[in-house]
1. Rounded, prolate or oblate: which one fits the chain, using the alpha carbon gyration tensor with axes a ≥ b ≥ c (rounded when a/c is under 1.5, else prolate when a/b beats b/c, else oblate)?
2. What is the local net charge at residue 26, summed over the other residues whose Cβ is closer than 13 Å to its Cβ (Lys, Arg +1; Asp, Glu -1)?
3. With point charges of +1 on the Cβ of Lys and Arg and -1 on the Cβ of Asp and Glu, referenced to the Cα centre of region 98-226, which listed residue (201, 172, 115) lies farthest in the positive direction of the dipole?
4. Would you order 183, 73 from fewest to most other beta-carbon atoms within 10 Å of each residue's own beta-carbon?
5. With +1 assigned to the C-beta of every Lys and Arg and -1 to the C-beta of every Asp and Glu, and no other charges, what is the dipole magnitude of region 91-173 about the Cα centre in debye, to the nearest 20?
6. So, counting K/R as plus one and D/E as minus one, what does the shell of residues with Cβ under 11 Å around residue 240 add up to?
7. Would you work out the charge dipole size for the chain about its Cα centre, treating the Cβ of every Lys and Arg as +1 and the Cβ of every Asp and Glu as -1, and quote it to the nearest 20 debye?
8. Could you size up the charge dipole of region 136-277 around its Cα centre, putting +1 on the beta carbon of Lys and Arg and -1 on that of Asp and Glu, and report it in debye to the nearest 20?
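Nothing in this text is a laboratory measurement; each read-out follows from the coordinates by a stated rule. The model shown is predicted, which means the values in this text are computed figures rather than measured ones. Cβ atoms come from the backbone with ideal geometry, glycine included; neighbour counts cover every protein chain shown.
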Amino acid sequence: MNNKTSLKRVAAIHDLSGFGKCSLTVALPILSAAGIETSALPTAILSTHTGGISGYTYLDTTGEMRPFMKHWKSLDISFDAIYSGFLGSFEQLDIVSDFFDEFRTENNLILVDPVMADNGELYKIFTPEFALGMKKLCEKADIIVPNITEATLLLGEQYQPGPYSKAYIEDLLLKLADLGPDKVVLTGVFFNDDELGAATYDKTTGKTDYAFVSKIPGYYHGTGDVFASTLLAGLLNGFSLSESAGIAVRYTANSIKRTYNAQADYRFGVDFEHGFPELLKELKLV
Ligand code: PXL
């Protein structure tokens, strides 16, 4: 299901990390390839992401965010979705919250990826207080896409390393939906050591679904951004929440597989670029 005649538009609010494929350098190409116009509101400009690479530069662009918002508002543009990811400060949480208020419509979708942690640990630049601020932003979203570490931070719970039980995952999904969003997509879900994937919950239908793929060894940077961007691409192309999660899980896993097979540096992001033909087929755009 898709409508090739009308171009949908997304506001993507993330950092621009020049090297290392995450955030905007992932969201822009994936959404554009999926036939979606994407406007970028950069939260920071870095030479690389902060995961496992030292010596990166970091230019905080907080001061530009309200002027961007004001200018976009003056142009009377609207967005089919607002997609926020990596935010660098409390002030940015407030700005993005105001952005939601300014640009929310009856029909658009607000997706918050509460980027702040993985593998049981907060990313270096964040504090536990930041997690509380991110929780407030999630309360305003229509859909949130945390990994398990981020989910436990949002809920003020102790991180558990897994494998997980279905009861545990479904308890997390319900509690996350209780924060406010109608839809929750939890990533990094596994019930055994062979498969990994995502769980989805839609509060409006009460439906829980899972999408799994075979686990690939190693830990790769930027995969959460590949996943969330693809999920949004699916939703805006008319696919259901569980269909979109399935598309995103497969595309992310195949990107990891190519990177693993090429024995590329795990810190430098995954090869999602070679997967575009397959992604466009899955999205029924070709
Ligand atoms: O992919 C998440 C992410 C986004 N942006 C920056 C990061 C990270 C994870 O480390 O450092 C700057």
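1. Cα axes put the chain in the rounded bin.
2. Taking every other residue near residue 26 into account, the sum is -4.
3. My answer, from the dipole projection, is 172.
4. Final ranking by Cβ density, sparse to dense: 73, 183.
5. Charge dipole of region 91-173: 240 debye, to the nearest 20.
6. -1
7. 540 debye
8. For region 136-277, the charge dipole is close to 100 debye.
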